[in-house]
Every structure is written in C-alpha cells, then in structure tokens.
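What follows is a short report on a single structure.
Derivation of every value follows stated rules applied to the coordinates shown; laboratory data play no part. None of the values given here were measured: they were computed from a predicted structure. Note: ideal-geometry Cβ built from the backbone for every residue, glycine included; neighbour counts use all protein chains shown.
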Amino acid sequence: MPTKSPLYQLINSSVLIEIPAAPGIINGKYTDTGSATRYLIRSYLQRIEGTGTSTGQQRTFGALVTTGGGATNSWLLRGYGIEYYQLQPADNFVHGASEENFNYSPILVGNPPSLAIGLLNNARVTVRHGNYPKIFRGTLKSIGGKYQGEGPDKTIYYELQGIPVSIGSSEDVT
C-alpha cells in the first residue's frame with residue numbers, strides 16, 4: 001500500500017481533466033476511436049494571483065468582496081495534485097457532485113516517482129476549489145511547478161507524494 005502524502009489532510013480542491021481518445025483512420029478518414037478518459041484529481045491548491053476587471057464584485061472562491069468598480073476575473077491556482085480517480089463512462093459524474101465514494105489512487109508511483117496518469121500542459125480542466133459552490137473552467141498551465149530539474153523534482157515528489165501543478169482558472173461553468 002503506497003504511503004499517503006503529508007498534504008492529504010490539506011486537500012481542498014478537485015480538478016476534472018478529460019483526455020480525448022486518439023483519432024484513428026478508417027477507410028482513409030479520421031474518426032473517433034472511443035470515448036475520452038476522465039480523471040478526477042484531488043488537490044491542495046492556493047489562489048496565487050488574479051488579473052482582469054469585472055463588475056465590482058470579486059469572486060474569491062468563497063466570499064464576495066466589493067472592489068470599487070474593478071475586480072479579478074481570472075486566477076492562477078498553484079499547489080499539488082495528491083491522488084486521482086479514473087472515472088468510468090457509467091459513472092455519469094458531474095463535477096461538483098459528491099466525490100467521496102471513489103477509490104482514489106496516489107498520483108505518483110514507483111521509485112523514482114513517476115506520474116501515474118498522462119497529464120499535459122495546456123489541457124482543459126474544470127476546478128472545484130474549497131467550499132465554493134461554483135465550478136470554474138481552467139487550463140493546466142504547468143506540471144512540475146517551481147522545482148524544476150531532476151534532482152529537486154525527485155526529492156520533492158518523494159517527500160510530498162504529490163505533483164506540483166499550476167492552473168489558470170477563469171469563467172464559471174455553473
């Protein structure tokens with residue numbers, strides 16, 4: 001049984017990522033070869049910075065703050081993906097619904113640690129952050145975070161058993 005991350009108790013977010021099926025060629029035409037693979041990643045994320053202007057109320061993932069005419073409408077979230085669950089087509093899961101009955105697996109496996117699932121920069125995601133009831137659209141900006149290089153990455157992954165991620169998030173889905 002893999003060791004749980006020391007950040008496990010701080011999990012405050014979930015990220016839903018859908019990886020499209022690879023197209024295939026049948027009779028000389030590109031065609032869809034199956035359904036997309038969907039992963040729900042339980043994460044510890046912090047809101048780092050915001051940009052843009054809006055209507056004067058700032059959506060702050062939990063509270064509305066009046067900003068006097070200008071407000072943030074896009075955010076950079078940074079933290080760690082801790083564990084994941086591969087959703088099955090029969091699950092009919094809608095992001096924001098209960099996530100408690102899934103059997104999650106550690107996102108890092110092996111020694112030296114490696115990513116258990118295929119994540120790519122610039123992948124489209126949805127984000128549930130904290131207790132905020134809205135689900136936000138986002139883009140996976142980077143995987144690996146500020147600890148670049150083989151040595152520091154292996155150390156931080158081994159100790160935290162999580163993968164550093166940065167997500168750009170903006171408009172809400174719901």
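Just to confirm a number: summing +1 for Lys and Arg and -1 for Asp and Glu over residues other than Asn122 whose beta-carbon lies under 15 angstrom from that of Asn122, what do you get? Don't skip to the end; give the middle numbers.
Working: positive: Arg124, Arg137, Lys141; negative: Glu18.
Combined, the nearby Lys, Arg, Asp and Glu give +2.
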Calculate, in nm to one decimal, what Gln9 and Arg137 gain on full extension: separation in residues at 0.36 nm each, minus their alpha carbon distance. 43.6 nm
